[in-house]
1. Would you list the membrane-span-like helices of the chain, meaning whole DSSP H runs whose alpha-carbon atoms span at least 24 Å along their axis and whose mean Kyte-Doolittle value is at least -1.0?
2. Count charges around ASP343 for me, please; just the other residues with Cβ under 12 Å from its Cβ, Lys/Arg as +1, Asp/Glu as -1.
3. Pulled fully out, how much extra length does the chain show between ALA76 and GLN230, if you take 0.36 nm times their separation in residues and subtract their Cα-Cα distance?
4. How big is the convex hull of the Cα atoms of the chain, per residue, in Å³?
5. Under the Kirkwood approximation applied to all pairs of distinct alpha-carbon atoms, what is the hydrodynamic radius of region 91-165 in Å?
6. Considering only the other residues whose Cβ falls under 10 Å of the Cβ of HIS360, what net charge follows from Lys and Arg at +1 and Asp and Glu at -1?
7. P(r) tail for region 42-83, what percent of Cα pairs lie past 12 Å?
8. Can you tell me, using C-alpha contacts under 8 Å and at least 6 residues apart, the relative contact order of the chain as a whole percent?
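The values are calculated or read from the model by the stated rules, or taken from the named source; none is laboratory data. The model shown is predicted, which means the values in this text are computed figures rather than measured ones. Here the Cβ is made from the backbone with ideal geometry for all residues, glycine too, and neighbour counts use every protein chain on show. Areas reflect the complete protein model, heavy atoms only, side chains present, ligands, DNA and RNA absent. Shrake-Rupley method; radii C 1.70, N 1.55, O 1.52, S 1.80 Å.
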Amino acid sequence: MTSFADITPTLERLAIEVPSWAYGNSGTRFKVFGTPGTPRTVEEKIADAATVHRFTGLAPAVALHIPWDLVDDWAALRRYAEDLGIALGTINSNTFQDDDYKLGALTHTDPKIRQKAVDHHFECIDVMDATGSRDLKIWLAEGSNYPGQADMRGRQDRLAESLQKIYDRIGDEQRLVLEYKFFEPAFYHTDVPDWGTSYVQVAALGERAMVCLDTGHHAPGTNIEFIVAQLLRLGKLGSFDFNSRFYADDDLIVGSADPFQLFRILVEVIRGGGLDADSDVALMLDQCHNIEKKIPGQIRSVLNVQEMTARALLLDREALTAAQESGDVLEAHEIFMDAFSTDVRGDLAAWRESRGLPAHPMKAFAASGYQDGIEAARVGGTQAGWS
Ligand code: AOS
Ligand code: ZN
Ligand code: ZN
């Protein structure tokens with residue numbers, strides 16, 4: 001029987017990168033609601049990200065987005081973040097907000113537009129060299145809205161050629177991580193719609209090209225934990241973008257829509273070595289907080305991952321394997337559900353306090369006055385957002 005004390009060494013390693021854009025204003029095509037205290041600069045985003053780490057000990061790095069987070073002096077930004085206790089993390093490219101890319105970027109029929117998109121990724125790699133980031137995350141909004149609009153096969157060939165140019169540019173210690181999404185903003189076909197396509201494209205590139213699994217990017221009912229198991233088995237699970245969705249795109253707080261699904265995903269992450277000390281699987285949030293306050297939204301999110309991770313680590317794998325191998329269906333299911341049903345909140349609170357962290361980070365943040373402080377201080381200037 002695994003005790004809570006047995007799992008704390010692994011819990012200590014849990015690190016969930018937060019995205020800079022989660023602290024900016026975001027919304028839907030219907031409305032972007034501003035939030036008082038929203039950062040106006042990259043530095044203010046990083047200060048808020050560092051606050052999440054300060055209250056939870058779970059978020060030691062912040063992912064950046066180019067061009068949203070472009071600065072002149074990367075060394076200064078890196079020092080600023082490190083002085084606040086966090087590192088600059090994954091660099092996310094953007095080929096979805098330039099008019100030239102309306103009909104494609106890395107897949108476009110015009111070689112000049114493809115080269116422009118490749119050059120944008122070269123710029124991202126230059127940033128990685130300056131920030132010390134390991135991962136270049138590529139999410140492509142590319143696809144088509146109508147049957148017949150595009151040559152889907154030709155786009156795959158051009159995508160492979162463009163990705164190869166980018167892969168050839170990354171450093172020996174860097175990785176290219178290709179994220180898939182089954183739809184949006186393209187509505188008929190998406191050029192990287194599923195894990196199989198991402199896998200095929202990255203497998204053709206080399207060992208430092210990996211798949212990013214965004215938990216909000218699957219058709220309803222998809223067995224996501226199966227994809228996790230398979231990509232770990234293939235050695236091609238590079239990173240997660242954690243979030244939740246009830247129907248369409250992602251961006252809700254991870255675990256809020258379906259904590260059991262998050263638990264099942266983490267069971268496979270642990271089973272596949274994704275939380276081992278030598279694992280290079282990156283855990284990252286990719287969320288937007290359209291109506292809720294951003295910093296507590298991020299704190300809630302990393303705590304949800306921590307709680308489901310603790311439950312998954314308590315799964316009695318020895319007993320489960322025995323039940324599986326003996327074909328005892330209900331015993332195996334009961335062992336699995338016992339772990340999911342374990343309330344770890346008290347143990348986690350005591351463990352946090354033993355490490356000098358607030359027992360209840362959400363309450364501690366609310367009482368800290370930080371939110372009031374930024375709402376009073378951050379007046380004037382342009383609030384950051386998806387732009
Ligand atoms: C878009 O839906 C994807 O999840 C992206 O990972 C993410 O939102 C993007 O990287 C932000 O630039
Ligand atoms: Zn994502
Ligand atoms: Zn997404």
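1. 111-131, 294-313
2. Charge balance in the 12 Å sphere: -1.
3. Gain on extension, ALA76 to GLN230, equals 51.4 nm.
4. Value for the chain: 144 Å³ per residue.
5. 12.9
6. Around HIS360, the surrounding residues sum to +2.
7. Cα-Cα pairs of region 42-83 separated by over 12 Å account for 60 percent.
8. 21
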